[in-house]
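**Q** Once you've had a glance at the structure underneath, I'll fire off some questions.
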Amino acid sequence: MTTTRAFSRGAVATPHYLASLAGAEILAAGGNAVDAVVAANLALGVVAPYYCGVGGDLLAMVWDGTLHGYRSTGRSPAATSLQMLRDAGHQTMPYAGAHTVTVPGAVRGWFDLLERFGSMSFDRLARRAVELARDGFVLTRPGAFRLRGAIGLVGALGVDDAALRSTYHDVGVGATVRQGALGELLCALGLDGPEAFYTGSVADAICAAIARHGGSMDVTDLAAHEAAWVDPLYTSFAGHDVAELPPPTQGVSALEMLALAERFDMRTDSVDRAHLLVEIAKVALADRDAHVGDPDAMRIAPERLLDAEWITHRAADIDEFRSAAFPVQPRADGGTAYLCAADRDGLYVSLIQSNFTAIGSGVHVPEFGINLHNRGAAFTLAPDTPNTFGPRKLPLHTLIPAMVLREGRPSHVYGTMGGHAQAQIHLQVLTRLLRDGSDLHAAVAAPRWAYDPGSGELQMEDRFDPTWRRELEQRGHSIRGLRAFDDGVGHSHVIAIASDGALSVAADPRAESAALGH
């Protein structure tokens with residue numbers, strides 16, 4: 001069981017202890033928080049490819065005296081179309097395969113963060129990841145379970161996974177996993193920068209792999225990738241200001257949930273509060289699906305979902321005693337990693353990086369060890385929505401790194417994995433932290449639930465009081481039980497910053513997490 005740890009000089013938390021170690025080593029060597037989180041992310045993509053890696057997207061918030069939002073999420077190919085998927089026989093957006101691959105943004109993200117805030121070179125920060133890729137690492141029981149399950153899911157979704165299995169041919173407990181091609185790619189990035197990924201032989205190989213699976217991405221799509229520094233959105237909650245990233249992320253949905261929660265009396269942790277929070281989550285997710293997607297396709301400004309009139313109107317739709325039914329939508333949930341870091345000079349980083357479902361799309365680039373993500377699975381084939389699949393569009397992103405501020409300074413660096421549950425987990429953990437005054441470990445380790453908009457079910461860890469389940473079912477909730485500490489309800493990490501700059505860190509026991517520092 002993970003406990004809260006305190007550090008004075010710097011801290012890092014990730015969902016895998018080897019990645020946390022890579023970040024802590026950088027802090028000990030004099031690197032700053034951005035250096036540490038990049039090193040940790042690079043290592044995590046090697047030891048936990050079922051969460052993230054070079055073929056995924058990246059979003060972050062960085063505080064250096066001002067809060068900066070950053071988005072490096074890729075667009076769909078220019079040559080694709082909604083009709084193309086219809087002609088291929090798809091009635092709903094596929095979960096995997098070539099049509100779900102959007103341009104990966106992580107590589108650009110690492111270099112942009114380092115250029116603006118870093119103090120060490122990419123080459124230096126990638127050393128531990130390169131070592132783990134070339135020499136290998138030993139799969140633990142949880143790691144083997146996740147990697148085996150991720151690869152199996154790709155095959156079950158109908159993707160030809162021969163290339164993937166050629167790289168991950170031994171995924172048993174105690175097996176040593178080596179990824180030499182990925183190690184060489186990381187070295188090439190250290191020498192030549194992000195252009196070594198978005199142009200040249202790597203880009204050619206990515207497009208060739210996608211073409212083999214029937215996709216339409218071209219090297220011009222990769223070369224055209226653009227990231228963006230964006231202004232965070234805010235809402236007030238329990239005497240704090242919570243900051244989230246704007247669309248195409250669901251950050252506005254997390255803020256809408258918090259703004260709605262402010263309208264109700266939920267001072268105690270009870271079944272009544274659980275019911276209200278679930279109903280709040282349903283309302284905000286329905287608004288997300290109706291209004292949030294590529295900013296260029298949205299018909300209303302995201303701030304509209306947070307203004308007082310909107311919140312008052314939506315709060316009136318919440319029944320404090322009965323579960324409301326909303327239309328369910330097909331959903332793809334999957335692998336994501338949240339990482340955070342802080343240093344003694346007041347640089348704080350909240351970062352999230354993802355391959356999405358399983359190990360991504362199932363399209364593997366063996367020449368360079370790249371697992372291409374399937375963030376495009378979050379598109380919908382329903383016509384005329386902000387998130388309808390189309391050419392050169394940004395899909396809705398479940399990824400939402402966050403920070404909490406008090407009196408204009410960060411008090412918490414926070415985030416979670418969890419797909420469509422992420423905003424709901426923000427709601428639950430921040431309610432415990434900011435309303436209840438729970439310590440970090442208690443807030444992170446407490447039992448969780450997640451409303452699944454794909455099935456209409458309320459998933460609950462079996463650590464809840466059994467009377468809660470019976471009461472919630474009587475109120476109309478359809479409940480599916482989860483085992484204790486199931487990562488289906490996410491794994492989150494939190495750094496709390498005291499007024500004197502001291503750092504307290506908690507990592508989630510639902511993963512092979514570690515909170516390290518010095």
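The values are calculated or read from the model by the stated rules, or taken from the named source; none is laboratory data. Note that the structure is a prediction, hence the values are computed from the model and not measured. Reconstructed Cβ throughout: ideal geometry from the backbone, glycine too, with neighbour counts over all protein chains shown. Calculation scope for accessible area: heavy atoms of the full protein, side chains included, ligands and nucleic acids excluded. Shrake-Rupley method; radii C 1.70, N 1.55, O 1.52, S 1.80 Å.
**Q** Inside region 287-309, can you point out the residues that are without any contact (Cβ under 8 Å) to a residue 60 or more places away in the chain and either closer than 19 Å to L472 by Cβ or aliphatic (A, V, I, L, M) (or both)?
**A** Listed by number, the residues that qualify are I300, A301, L305, A308.
**Q** Output yes when any residue across region 144-167 is in a loop (DSSP other than H, G, I, E, B), at pLDDT 90 or above and either on the phi > 0 side of the Ramachandran plot or in contact with a strand residue (DSSP E or B) (Cβ under 8 Å, 6 or more places away or on another chain) (or both), and no when none is.
**A** No, region 144-167 has no match at all.
**Q** Collect the residues in region 163-180 that are among the small types (G, A, S) and buried (at least 16 other Cβ atoms within 10 Å of the Cβ), keeping them in residue-number order.
**A** Matches in region 163-180: A163, A175.
**Q** Inspect region 6-29 for any residue being of a type in the set (S, T, Y) and not in a helix (DSSP H, G or I) and give the result as yes or no.
**A** There is at least one residue in region 6-29 that is of a type in the set (S, T, Y) and not in a helix (DSSP H, G or I).
**Q** On to the next question. If you go through region 413-436, how many residues are in contact with a Pro (Cβ under 6 Å, 6 or more places away or on another chain) and either among the hydroxyl-bearing types (S, T, Y) or over 25 Å from R375 (Cα atoms) (or both)?
**A** Of the residues in that region, 0 qualify.
**Q** Would you please name the residue that is modelled with the highest pLDDT, looking only at residues in region 344-368 that are of a type in the set (G, A, S) and buried (at least 24 other Cβ atoms within 10 Å of the Cβ)?
**A** In the first step, residues of region 344-368 are kept if they are of a type in the set (G, A, S); the result is 346, 350, 354, 358, 360-362.
Checking which are buried (at least 24 other Cβ atoms within 10 Å of the Cβ) leaves us with 350, 354, 358, 360-362.
Working: S350: 98, S354: 94, A358: 77, G360: 94, S361: 95, G362: 95.
Checking each candidate, the answer is S350.
**Q** Continuing with this model, one more query. Among the candidates G109, G65, G74, G55, which residue alone is modelled with pLDDT of 95 or more and more than 19 Å from the chain's Cα centre (by Cα)?
**A** G65
**Q** Please determine whether any residue of region 24-33 is charged (D, E, K, R) and open to solvent by less than 10 Å² (accessible area, probe 1.4 Å). Explain how you work it out, then say what you get.
**A** Restricting attention to region 24-33, the residues satisfying the condition of being charged (D, E, K, R) are 25.
Restricting the remaining residues to those that are open to solvent by less than 10 Å² (accessible area, probe 1.4 Å) gives none.
Checked against the condition, which is being charged (D, E, K, R) and open to solvent by less than 10 Å² (accessible area, probe 1.4 Å), region 24-33 yields no hits at all.
**Q** From the list R448, R470, which residue is of a type in the set (K, R), within 30 Å of F321 (Cβ to Cβ) and buried (at least 22 other Cβ atoms within 10 Å of the Cβ)?
**A** Result: R448 is the single residue among R448, R470 that is of a type in the set (K, R), within 30 Å of F321 (Cβ to Cβ) and buried (at least 22 other Cβ atoms within 10 Å of the Cβ).
**Q** A further question follows. Just to verify a result, which residue in region 381-416, among those that are among the small types (G, A, S) and either open to solvent by 20 Å² or more (accessible area, probe 1.4 Å) or in a loop (DSSP other than H, G, I, E, B) (or both), is farthest from Q428 (Cα to Cα)?
**A** By that ranking, first place goes to G390.
**Q** From the list S216, S201, S236, which one is under 29 Å from L260 (Cβ atoms) and either more than 22 Å from the chain's Cα centre (by Cα) or free of Cβ contacts under 8 Å to residues at least 60 places away in the same chain (or both)?
**A** S236
**Q** So, one more: Could you tell me which residue of region 182-198 is nearest to the chain's Cα centre (by Cα), considering only residues that are farther than 18 Å from N41 by Cα and crowded, with 16+ Cβ neighbours inside 10 Å?
**A** Y198
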